[in-house]
Amino acid sequence: MKQTILFLVSAGLLLLSSSNQADKKAVEANPFFSEFNTLFNVPPFDKIKEEHYLPAFKQGIKQQQKRIEAIVNNSDVPTFKNTIEALESSGALLTKVRNVFNNMTSAHTNDELQKIAKEVAPLLSKHNDDIKLNAGLFKRVKAVYGQKEKLEMSSEQNKLLEKTYKEFVRGGANLSLEKQARLREINEKLSLLSLKFGENILKENNAFEMVIEKEEDLAGLPPSVITGASEAAKERDHEGKWAFTLHKPSMIPFLQYSEKRELREKIFKAYINRGNNNNELDNKAILSKIAALRAEKANLLGYRSHAEFVLEKNMAKEPDNVYKFLNQLWKPALARAKQEARELQAMIEKEGKDFKLEPWDWWYYAEKLKKLKYDLDDSLLRPYFRLENVRDGAFAVANRLYGITLEERTDIPKYHEDVKVFEVKEADGSHIGLLYVDYFPRASKRGGAWMNSYRKQSRREGKTVHPVISNVGNFSKPTGDKPALLSFEEILTLFHEFGHALHGLLSNSTYEKLSGTSVARDFVELPSQIMENWASDPEVIKTYAKHYETGETIPQSLIDKIKKSSLFNQGFATVEYLAASFLDMDWHTLTEAKELNVEKFETDSLNRIGLIPEIVVRYKSPYFRHIFSGGYSSGYYSYIWAEVLDADAFEAFKETGLFDQKTALAFRKNILEKGGTEEPMALYKRFRGAEPKIDALLKRRGLN
Ligand SMILES: [Zn+2]
């Protein structure tokens with residue numbers, strides 16, 4: 001008996017010590033636990049393994065907790081340096097792992113990563129609450145905030161103090177313990193629900209395929225689309241057939257060109273029913289819970305609605321201002337869209353058909369009408385829009401504006417073979433940062449296009465920490481022997497995301513928290529959207545639009561057609577977008593935490609504004625990722641809000657010259673470099689000399 005116990009004890013010891021050893025080894029092997037030993041200290045993707053994330057998250061949380069304890073237990077009186085600054089830099093390891101992880105779960109995820117995400121979400125939610133609801137810490141923050149008039153601080157320090165203090169208040173620091181406990185529950189639930197929401201869309205998006213077996217069902221499709229579909233079929237084990245998916249580069253051309261109305265309807269309905277199929281991936285109950293919990297949280301914190309809570313931080317300030325703004329655009333946009341619908345209906349009738357225009361017909365007849373009116377066809381343009389040329393065209397614009405250069409580096413570790421890495425340098429050759437681009441769709445990537453940071457720019461002890469930025473997209477990929485040829489829409493998106501990248505790259509701020517794109521949500525789209533203006537400028541188009549076979553520059557006649565057709569279908573585009581903005585606002589101005597019937601709520605919302613049945617809201621609630629799984633809740637309006645800014649800001653370039661150095665420098669110094677270090681309107685006025693006017697936007701959209 002004794003012997004057995006002894007044996008068990010020693011076996012236990014053995015186990016313990018070997019697991020300690022294993023732990024130690026794991027720590028040594030975990031790239032997150034030391035400086036990234038790579039060029040420019042970028043993430044060593046060749047060494048990072050899935051099993052490294054969770055321990056790094058846990059360690060990162062622990063490390064930040066310790067530092068915060070030290071701040072709280074500091075016997076010195078609270079100062080900006082020992083409290084606000086110390087807090088700002090307390091989570092270095094956590095930020096490091098989170099940046100890589102978030103990039104991966106968006107751009108290149110898998111079941112293992114999704115599992116880790118679910119484990120990490122509640123840990124992070126709790127950790128964040130532990131900070132915001134730490135009474136000792138808040139006491140110190142409040143003490144510094146209380147003397148802010150007396151402190152001699154730079155405007156940036158002022159902003160950091162302000163932002164930190166508000167984050168505590170908005171995080172519930174002033175609530176009773178009982179309410180704080182409920183807030184913690186809500187935050188945890190929300191973190192998991194929004195994760196699940198996004199995961200469901202990814203799965204629904206990948207699950208659907210439309211396999212075409214008969215050649216006659218390809219009627220109307222251009223050869224390049226057919227080749228792409230044949231390759232997609234091969235990848236999906238349907239060799240010899242043709243497959244279409246819900247990825248935009250596959251679906252949109254099908255909707256534009258397929259003569260098979262019932263197939264257009266099939267793929268279109270699959271798209272708009274994502275998350276609404278009453279299966280295990282259904283998002284209705286999830287989003288309705290999210291909306292209810294957000295309302296409850298807002299109430300707890302003393303706001304009438306989630307929108308009120310969110311908008312206080314934005315330029316728009318309150319829900320009424322957003323509604324007023326949206327309504328101002330809605331009437332002329334709807335009138336334009338109705339007129340467009342009539343034109344498309346007339347086309348149908350002219351073809352001798354007697355059906356009523358439906359949403360799955362819109363793309364098809366719009367494409368036809370465009371051809372008829374402007375002799376312009378998407379497939380005429382694509383050969384001039386080779387992705388690499390367009391990308392270099394965007395880089396060239398940045399070069400002419402800011403003198404910066406982007407040069408490909410092949411010695412930087414990547415997470416996927418599609419990724420390319422560019423080193424960004426000043427005109428004088430000094431290093432600015434790195435840009436990763438990852439442009440093609442795949443099952444491991446969520447839909448859409450975005451910019452993200454692996455490392456934000458900041459200064460530590462006077463030394464610059466250089467930014468590492470990524471641009472991810474789902475653009476048309478090479479098919480057959482053709483390179484990747486983009487649509488004009490895709491070009492705008494590429495320039496748009498590159499604009500966000502410039503905001504991150506050219507940032508010049510001391511604190512990470514205020515750096516680059518850390519600005520109000522309705523301001524963040526200014527640097528991105530303004531780049532779209534250069535993308536569509538005739539002089540600039542000529543620099544990047546070269547025929548992929550002949551190298552010939554796009555003929556002036558085609559550019560004229562692009563220009564002439566620029567207002568085409570703008571009613572549709574504006575209406576489907578605005579409808580989504582209204583829907584977002586409606587979900588988030590709920591004043592009561594009540595779960596609702598999603599379909600009824602959405603229908604009521606869209607009926608209220610009078611959306612016509614021929615147009616479907618750009619995002620239906622069950623796949624409205626921006627607002628239920630991204631950071632755009634009560635913020636989807638931001639794109640068009642920022643369009644007022646970008647249209648007006650671009651006027652400044654039109655007045656002085658597209659590449660006028662003084663204007664470019666003013667934009668760089670006052671907007672791009674400043675990040676969130678000052679109030680957006682103050683920055684804007686310094687650049688433009690006045691507040692923006694809505695006129696330029698109305699003119700651009702043909703709504704004046
Ligand atoms: Zn954007």
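Bear in mind that the values in this text are calculations on the coordinates, not laboratory data. Small disclaimer: the values here were computed from a predicted structure and weren't measured. Note: ideal-geometry Cβ built from the backbone for every residue, glycine included; neighbour counts use all protein chains shown.
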Of TYR365, TYR374, how do they rank once you tally other Cβ atoms within 10 Å and put the fewest first? TYR374, TYR365
Under-5 Å amide H pairs with SER515, H placed in peptide plane, nonlocal only: GLY676
Extending each Cα 7 Å along its Cβ direction at GLU343 and ASN597, get the distance between those two points in nm, one decimal. 3.9
Given the DSSP H assignment, sum -39500 (n - 2.57) over each helix run of at least 4 residues in the chain and divide by its residue total; what's the result at 222 nm in deg cm²/dmol, nearest 500? -18500 deg cm²/dmol
DSSP loop (so not H, G, I, E, B), at most 13 other Cβ within 10 Å: list which GluC sites (Glu not before Pro) in segment 205-258 pass both filters. GLU213, GLU239
Rounded to 5, percent antiparallel among DSSP beta bridges of the chain: 85
Report the calculated FRET efficiency for GLU388 and LYS331 (r = Cβ-Cβ distance, R0 = 30 Å), to the nearest 0.05. 0.10
Using r as the Cβ-Cβ distance of LYS118 and LEU39, and R0 as 25 Å, what FRET efficiency do you calculate, to the nearest 0.05? 0.15
Compute the distance in nm between two label points, each set 7 Å from the Cα along the Cα-to-Cβ direction, one at ASN158 and one at THR227. 5.9
In this structure, among LYS159/LYS445; LYS269/LYS331; LYS150/LYS669, pairs with alpha-carbon gaps over 31 Å are LYS159/LYS445
What list of ³J(HN,Hα) couplings, whole Hz, do you get for segment 543-551 from phi and the Karplus terms 6.51, -1.76, 1.60, once you set θ to phi - 60° and write x for glycine and proline? 6, 10, 8, 10, 4, 5, 9, 9, x
Full-extension gain between LYS693 and GLU351, please, as 0.36 nm times their residue separation minus the C-alpha to C-alpha distance. 118.7 nm
If the chain between ALA682 and LYS289 were fully extended at 0.36 nm per residue, the gain over the current Cα-Cα distance would be 137.7 nm
Fewest first, what order do ILE412, ILE541 take by the number of other Cβ atoms within 10 Å? ILE412, ILE541
Can you sort PHE268, PHE208 by how many other beta carbons sit within 10 Å, fewest first? PHE208, PHE268
Rounded to the nearest 10, the angle in degrees between the Cα long axis of helix 359-374 and the longest principal axis of the Cα atoms of the chain comes to 60
Among the listed pairs LYS166/LYS324; LYS214/LYS350; LYS420/LYS546; LYS62/LYS96, which are separated by more than 18 Å between their Cα atoms? LYS166/LYS324; LYS214/LYS350; LYS420/LYS546
Under the rule of at least 5 residues apart or a separate chain, name every residue whose amide H is placed under 5 Å from the amide H of GLY433. VAL424
Give the angle, between 0 and 90 degrees and rounded to the nearest 10, that separates the Cα long axis of helix 638-656 from the longest principal axis of the Cα atoms of the chain. 70
Integer Hz, Karplus 6.51/-1.76/1.60 couplings in order for segment 294-309, x for Gly and Pro: 5, 5, 4, 4, 4, 4, 4, 8, x, 10, 6, 8, 4, 4, 4, 4
